[in-house]
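*Asks:* One structure, as structure tokens, below. Some questions next.
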Amino acid sequence: MTDYWRSQKILATPEESWNPQVVAFANGVTLPDDFVQLYRCSNGMHLNTEQYQDFDDNYFYFLSAEELRSERRELVIDSMRGVETISTDVIVFVDYMHWSWQYGLITNPYGDGYLIGIMGTPNKIKVITSSLATFLSLYMEDAVVMYDHGD
């Protein structure tokens, strides 16, 4: 991931000596282990000195551990199981085109682990995957599913 960002001239500095879980927890966020590893490799995309963030070539911005927040929301979940509304905590960890839409992480209401999805609106998540590795692969491939936030 850091090599992918560096190829686009985005500052992606490994910070293996720090604990992103402690930083995120200070903001009410508990990260899954694979997210902790991601944040140890690079703490999101660092802000530049201008008004806007350091987006990648496709206008994605991964938030730093310090920027992560957990919010309780009534959320419509659109997944392979259908559509349902639940009250759950969501952690937004990626921004697209300066908050045109977001990518969030929720606890999997159907079993273990978590779900990652695209959030075209603050109260709806369209599930993409239950794996950070898959999400990152889709992101680096610039897969069509990364832009499919509509109904």
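The values are calculated or read from the model by the stated rules, or taken from the named source; none is laboratory data. No experiment lies behind these values; they were computed from the predicted model shown. Backbone-built Cβ (ideal geometry, glycine too); neighbour counts: all protein chains shown. For accessibility, only protein heavy atoms count, side chains too; no ligands or nucleic acids. Shrake-Rupley method; radii C 1.70, N 1.55, O 1.52, S 1.80 Å.
*Asks:* Given a 1.4 angstrom probe, what's the average accessible area per residue across the chain, in square angstrom?
*Replies:* On the way: 7900 Å² over 151 residues.
It amounts to 52 Å² per residue over the chain.
*Asks:* Right, next: Need one number: nm distance between label points at E71 and T85, each 7 Å from Cα along Cα→Cβ, rounded to one decimal.
*Replies:* Result: 1.7 nm between the two label points.
*Asks:* Quick check on the stretch 68-129: take the gyration tensor over C-alpha atoms, sort the square-rooted eigenvalues as a ≥ b ≥ c, and tell me if it's rounded (a/c under 1.5), prolate or oblate. Mind showing how you got there, number by number?
*Replies:* Values: a/c = 1.61, a/b = 1.44, b/c = 1.12.
Judged from the Cα gyration tensor, the stretch 68-129 comes out prolate (a/c at least 1.5, a/b above b/c).
*Asks:* Once you have the alpha carbon radius of gyration of the stretch 105-151, what is it after dividing by 2.2 N^0.38 Å, with N set to its residue count?
*Replies:* On the way: Rg = 10.7 Å, N = 47, 2.2 N^0.38 = 9.5 Å.
After normalising by residue count via 2.2 N^0.38 Å, the value is 1.13.
*Asks:* Let me spell out the model: positive unit charges on the Cβ of Lys and Arg, negative unit charges on the Cβ of Asp and Glu, origin at the Cα centre of the chain. What dipole size does that give, in debye rounded to 20?
*Replies:* Details: 9 positive and 22 negative charges, 47 e Å.
Approximately 220 debye in magnitude.
*Asks:* Bin width 10 Å, origin at 0, all Cα-Cα pairs of the chain: what percent of pairs per bin?
*Replies:* Once binned at 10 Å, the Cα pair distances of the chain give 11, 43, 37, 9, 0.
*Asks:* Just check the stretch 53-98 against the gyration tensor rule for me: Cα atoms, a ≥ b ≥ c as the square roots of the eigenvalues, rounded for a/c under 1.5, and otherwise prolate or oblate depending on whether a/b exceeds b/c. Before the final figure, lay out each step's value.
*Replies:* Numbers: a/c = 3.73, a/b = 1.70, b/c = 2.19.
Because a/c hits 1.5 or more and a/b fails to exceed b/c, the stretch 53-98 counts as oblate.
*Asks:* What value, in deg cm²/dmol to 500, does the helix sum -39500 (n - 2.57) over DSSP H runs of n ≥ 4 give at 222 nm once divided by the residues of the chain? Let's see the in-between values first.
*Replies:* Details: 4 runs with 30 residues, N = 151.
Rounded to the nearest 500, it is -5000 deg cm²/dmol.
*Asks:* Leaving ligands, DNA and RNA out of it, report the carbon-plus-sulfur percent of the accessible area of the stretch 72-151 at a 1.4 Å probe. Before the final figure, lay out each step's value.
*Replies:* Numbers: 2050 of 3930 Å².
C and S atoms contribute 52 percent here.
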